[in-house]
Amino acid sequence: MAFDYIKSLHIIFIVTWFAGLFYIVRLFIYQTEAMERPEGEIKILKPQLDLMAKRLWMGITWPSAILTLLFGFWTLYYRWGFLQMGFMQAKLAFVFFLYIYHLKCHFIYKELQSGITKWTSNQLRLWNEGATVLLFAIVFLIVLKNLVDMAWGLAGLILLSAALMFGIWAYKKVRERN
């Protein structure tokens, strides 16, 4: 019975972590675009966007990432044999990449909080899809529990990535026309 509570908490913190990852990069886009505005607008927008990013990143996203890891290890404690299975090893590899993605977002966060913009808003839109791709890979692996179906999932993931990139490109073209 304890396992079900621990697994539930793991899933809840995964959801809040991903919510934070999805929204923080959206705030990065707003912060980057705000820095291109006239000086008067920057003075209004930057402090507000910085505050929103700080509250989201430090108050929700980081704690959720840490609690996801904690409850994930605790869940594995009850299902230790899963570590011998290929699907779990692949899933954990994607989770590792998700934490790398999270750390890169932290570096972007720190730069933007300091007023440094190294990424364009279009680059950040592409970056934002990284969490989506990792989410699909992780969910398919944990639900399907085998690597053969994962091959089909990877094919779908590649198609999803191509569709997302096309959508971002099309959105950029629409924005440029308007």
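None of the figures in this text is laboratory data; all of them are computed from the coordinates on show. The structure displayed is predicted, hence computed values, not measured ones. Cβ placement follows ideal geometry from the backbone for every residue including glycine, while neighbour counts extend to all protein chains displayed.
Mean residue ellipticity at 222 nm, helices only, the chain: -30000 deg cm²/dmol; runs of at least 4 DSSP H residues each add -39,500 (n - 2.57), and the sum is divided by the number of residues. Here the relative contact order of the chain, from alpha carbon pairs under 8 Å that lie six or more residues apart, stands at 28 percent.
For region 42-178, the tally of Lys pairs with Cα-Cα distances below 19 Å comes to 12, considering only residues 8 or more apart or on different chains. Local charge for Leu92 was computed over the other residues whose Cβ lies under 14 Å away, with Lys and Arg +1 and Asp and Glu -1, and equals +3. Residues Asp50, Asp4, ranked from the fewest to the most other C-beta atoms within 10 Å, line up as Asp4, Asp50. Candidate membrane-span-like segments in the chain, meaning DSSP H helices with Cα atoms spread over at least 15 Å of their own axis and a Kyte-Doolittle mean of 0.0 or above, are 2-34, 62-78, 86-113, 121-144, 147-177, with no membrane implied.
Annotation note: trypsin sites (Lys or Arg not before Pro) in region 88-178 located in DSSP loop regions with a Cβ neighbour count of at most 11 within 10 Å are Lys118. Comparing Cα centroids, region 24-76 and region 98-144 end up 11 angstrom apart. In square nanometres, what is one fourth of the surface area of the convex hull spanned by the alpha carbons of region 111-178? Value for region 111-178: 6.1 nm². If the segment from Leu135 to Leu70 were pulled out straight at 0.36 nm per residue, it would be longer than the present Cα-Cα gap by 21.6 nm. Is region 2-177 rounded, prolate or oblate when judged by the Cα gyration tensor, a ≥ b ≥ c being the square roots of its eigenvalues, rounded requiring a/c under 1.5 and prolate requiring a/b larger than b/c? Cα axes put region 2-177 in the oblate bin.
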